[in-house]
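What follows is a short report on a single structure.
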Amino acid sequence: MPLPRRTFLQTAGVLAGGLCLGARHVTPPGSPEYTGQVMTVTGPVAPEELGFCLPHEHLLSRFGTDPAEPSAYDAAAALDTVVPYLQYLRELGVGAVADCTAYSFGRAPELLRRISAASGVRVLTNTGWYAAADDRYVPAEAYSLAAADIARRWTGEFSDGIGDSGIRPGFIKIAVDAGPLSPIDAKLVRAAALTHRATGLTIKAHTGDNATAARQQLEILAEEGIAPGAWTWTHAQNMTDSRPLIEAANRGAWISLDGVKTRYFADGATHGNDTLDRHLAHLMELREAGLLHCVIVSHDGSTFPPAGTVRRPMDILSNTFLPLIRARGFSADEISTLTVTNPARYFTIRRRLLE
Ligand SMILES: [Zn+2]
């Protein structure tokens, strides 16, 4: 993979560094294509066009089923289920949703494009390979390819589109299993770092309560000259201790508190555990540490399948959690930072290199 030229601004340390501050800047020579924009399934947009953004959801997902790429869906049933739900979210103010369903368990860019066009909600899809779930969704060739070859494939999806769709990914999605990084986990993290260098796409890494793996991932990024601000501690709400999250955010990493759930859904049914207390506790700690600018919040919801119903809702932020944190003293500006400003900066295509 050709290394990008170091630019004057990078050399001067203006663009480099670990802080996820995302200041506006002039596109330096040698920057990735679409620098300063956000890539959606309907094409590039200015970051401020996202509005209230849900940065980690699953509009379409076949997680738990056998690996398949591309994934087949009943498109009519998917449109009938997902479009009205997104229209409802739009009435709640949602302008954009990132679909985090990865390669081989349900990524479907063309169907997402139809859903986005029909609903008026902007949608992002992803590139990358998912190595949690005991590597079930890791393609066989990942074990023989070098990290640079894998990165070339993912970078190709950004430069040429996914498959024949012409649709480009808006971020990189990877995932690691429990415990220290396995060799395949580490290789895919390195491939993500190289893909970030080539494309400027942000890395969303399913990490959960694995603080060891979080540190190891940042080490691999550093070996490749990539700043922590290119990387996301995804499912960070699974940590019981906020301190490693604060440590990572202080280095510039993004913290994704993305499994906002309530036990009581609109249909009156009871589902799983209420996570609101833990999300609130993490948010309070991160706010106390002055790190709200490094936090994104979402549901990790799931809309299809099944047809006609929503498996995991995406309206709890609007209806329950944001009113809750408002009542607990978060200002309207802070809520806007979490839901609008941060996702816009988060998805902005921009190479984030160490000095
Ligand atoms: Zn997810």
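On inspection, G64 does not qualify as within 16 Å of the ligand (Cβ to nearest atom), of a type outside the set (A, V, I, L, M, F, W, C) and in contact with a strand residue (DSSP E or B) (Cβ under 7 Å, 6 or more places away or on another chain). Every condition in (1) under 21 Å from E57 (Cα atoms); (2) away from the ligand (no atom under 16 Å from the Cβ); (3) not polar (S, T, N, Q) holds for V176 except the one numbered (2). Report yes if A281 is open to solvent by less than 20 Å² (accessible area, probe 1.4 Å) and either more than 30 Å from E33 (Cβ to Cβ) or not in a loop (DSSP other than H, G, I, E, B) (or both), otherwise no. Taking the combined requirement at face value, the residue does not satisfy it. Of the residues making up the range 297-337, not one is open to solvent by 20 Å² or more (accessible area, probe 1.4 Å), hydroxyl-bearing (S, T, Y), closer than 14 Å to H279 by Cα and in a loop (DSSP other than H, G, I, E, B).
Is it the case that some residue within the range 148-166 is within 21 Å of L353 (Cβ to Cβ) and touching a strand residue (DSSP E or B) at 6+ places or on another chain (Cβ under 7 Å)? Checked the range 148-166: at least one residue is within 21 Å of L353 (Cβ to Cβ) and touching a strand residue (DSSP E or B) at 6+ places or on another chain (Cβ under 7 Å).
Pairs linking a residue in the range 219-230 that is within 16 Å of T202 (Cβ to Cβ) to a residue that is among the aromatic types (F, W, Y), with Cβ atoms under 7 Å and 6 or more positions apart or on different chains, are L221/W231. Is it the case that some residue within the range 254-261 is open to solvent by 60 Å² or more (accessible area, probe 1.4 Å) and within 16 Å of the ligand (Cβ to nearest atom)? Scanning the range 254-261 turns up at least one residue that is open to solvent by 60 Å² or more (accessible area, probe 1.4 Å) and within 16 Å of the ligand (Cβ to nearest atom). For T240, the conditions (1) part of a loop (DSSP other than H, G, I, E, B); (2) over 29 Å from E219 (Cα atoms); (3) touching an Asp or Glu at 6+ places or on another chain (Cβ under 9 Å) are fulfilled apart from (2). Considering (1) surrounded by fewer than 16 Cβ atoms within 10 Å (Cβ to Cβ); (2) more than 16 Å from the ligand (Cβ to nearest atom), the lone condition that S119 does not fulfil carries the number (1).
Would you confirm whether or not the range 93-101 contains a residue that is away from the ligand (no atom under 16 Å from the Cβ) and farther than 22 Å from T202 by Cα? There is at least one residue in the range 93-101 that is away from the ligand (no atom under 16 Å from the Cβ) and farther than 22 Å from T202 by Cα. Residues of the range 17-44 that are open to solvent by less than 10 Å² (accessible area, probe 1.4 Å) and either modelled with pLDDT of 95 or more or within 16 Å of the ligand (Cβ to nearest atom) (or both): V38, M39, T40, V41. Considering the range 46-59, the residues that are away from the ligand (no atom under 16 Å from the Cβ) and open to solvent by less than 10 Å² (accessible area, probe 1.4 Å) include one that is nearest to Y346 (Cα to Cα), namely P47.
Within the range 209-228, is even one residue under 30 Å from E285 (Cβ atoms), within 16 Å of the ligand (Cβ to nearest atom) and open to solvent by less than 10 Å² (accessible area, probe 1.4 Å)? No, the range 209-228 contains no residue that is under 30 Å from E285 (Cβ atoms), within 16 Å of the ligand (Cβ to nearest atom) and open to solvent by less than 10 Å² (accessible area, probe 1.4 Å).
Screening R114, R153, R90 for residues that are without any contact (Cβ under 8 Å) to a residue 60 or more places away in the chain, closer than 20 Å to P343 by Cα, away from the ligand (no atom under 16 Å from the Cβ) and open to solvent by 20 Å² or more (accessible area, probe 1.4 Å) leaves exactly one candidate, R90. Of all residues in the range 159-208, those that are under 16 Å from I226 (Cα atoms), open to solvent by less than 10 Å² (accessible area, probe 1.4 Å) and among the small types (G, A, S) total 5.
The values are calculated or read from the model by the stated rules, or taken from the named source; none is laboratory data. From a predicted model like this one, the values you see are computed outputs, not experimental measurements. Positions of Cβ are generated from backbone atoms using ideal geometry, with glycine treated the same way; all protein chains shown enter the neighbour counts. In case anyone asks, the SASA skips ligands and DNA or RNA and just uses the protein heavy atoms, side chains included. Shrake-Rupley method; radii C 1.70, N 1.55, O 1.52, S 1.80 Å.
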